[in-house]
1. Return Asp251, Asp54 ranked ascending by Cβ neighbour count within 10 Å, so the fewest neighbours appear first.
2. Dipole magnitude of segment 277-320 about its Cα centre, charges +1 at Lys/Arg Cβ and -1 at Asp/Glu Cβ only, in debye to the nearest 20?
3. Based only on other Cβ atoms within 10 Å, what is the fewest-to-most ordering of Thr154, Thr171?
4. So what J values fall out for segment 60-65 if you push phi through Karplus, 6.51 cos²θ - 1.76 cosθ + 1.60 with θ = phi - 60°, rounded to Hz, Gly and Pro as x?
5. So for segment 73-189, taking the charge dipole from beta-carbon charges (+1 Lys/Arg, -1 Asp/Glu), which of Ile166, Ala130, Val88 sits furthest toward the positive end?
6. Using per-residue counts of other Cβ atoms within 10 Å, averaged over each peptide, order 238-248, 74-84 from highest down.
Amino acid sequence: MKQNMYAAAVLIVVLLISGCSETKEASGQNTAGIQQAGIPAGTAVQVRMISPEDFSVYLKYPSTVYSQSESTAYAFTSDVVRNISVTVGDQVEQDQVVLSLSPDNQAYRQAAVAWENAKSAYERNRILFANGDISRQNFDSIATQYELARANFTAARDMVYIKAPISGTITQLNVHPSANVNPGTPLFTVSGKNGYEARFYVGADEIERVRPGARVFIDDGRMLSIEGRITQISLAMDGTKQAFPVTASFDMNSRKLASGMGVDIAVETYRNEKAIVVSKGELTRTEEGYQAYVSQGRETAPVPVELGHVQGLKYEVIQGLEYGDLLVCEGSQNLASAGTQTSGLAMAKAK
């Protein structure tokens, strides 16, 4: 009867071998199922092989991202919007016409007529001067009038045909066709292509942990996918916020970001690229501190561990465990209830 129970237990172990988590399987860590001989089936535990992991500690702050270069175009005359050639999200180049006002604007038409007249006068007198029929002084005066008329026409044209002040992305359109505008009316905003920056505020109790050049990430709730760096830490506390202003820069462009977007910034305050990391469920608490269960051959025994930094439910182990140890990652509480040491274990390696 005991032999049948033992065989059934081992069979359950083989069927349960799937690792402690999908993440551990994806990272290539070895896992094994352990079934204590002599206890009922269904109390199997899982183990994983300890290997170096990249471990970081973060502080998180709310912030708003803005383009590092951003420019808004304004109206310089009272008129009506006739045409808009872009939509929000379109890429534009510097001096590209984005929208136009009415081409029969009085100032524009007067400047156009004056320039045409000046241009005609200049061409006539250029020939006369070449033939020696007028003096240099007279020709220079006509040429100056021509240049002034051309400059006035260019300025009037730029008031009607509004160009992009910088190259980048249209992030805001403030008007629509047929809208009336006056001098100072904001028309559209262009965000440049040289990345974003975010400003946030750090309290006095945490500012010593934030360093210039530290890695920062934009936390979208699923992963820390957009990386930047701390570029400025103010030495003076903001009296209103009662915290220190900190600026982070992100030297990239991403469609996930838009100028003015609210985000959560994760600031890396500690990093160990070859850490031994355990989860809270892989530890048991004793009067002396924490311990973890390690399998060695057919025995599994508790090992006292010393913990370092903590991030969420992940703990850095600085003493007690080594690379290659087989750590019980599921079921350690069952082993703790059974006693400090479990022997005679049947173990099936994961394939």
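Each reported figure results from applying straightforward, stated rules to the coordinates on display, with no laboratory input. What you are looking at is a predicted structure, and each value in this text was computed from that prediction instead of being measured. Cβ: placed from backbone, ideal geometry, glycine included. Neighbour counts: every protein chain shown.
1. Values: Asp251 13, Asp54 10.
Result, fewest neighbours first: Asp54, Asp251.
2. Working: 4 positive and 6 negative charges, 37 e Å.
It comes to approximately 180 debye.
3. So the ranking, lowest neighbour count to highest, is Thr154, Thr171.
4. After applying 6.51 cos²θ - 1.76 cosθ + 1.60, I find 10, 9, x, 7, 10, 9 Hz.
5. About the Cα centre, the residue reaching furthest to the positive side is Ala130.
6. Numbers: 238-248: 15.2, 74-84: 17.1.
Highest-to-lowest ranking by the protection proxy: 74-84, 238-248.
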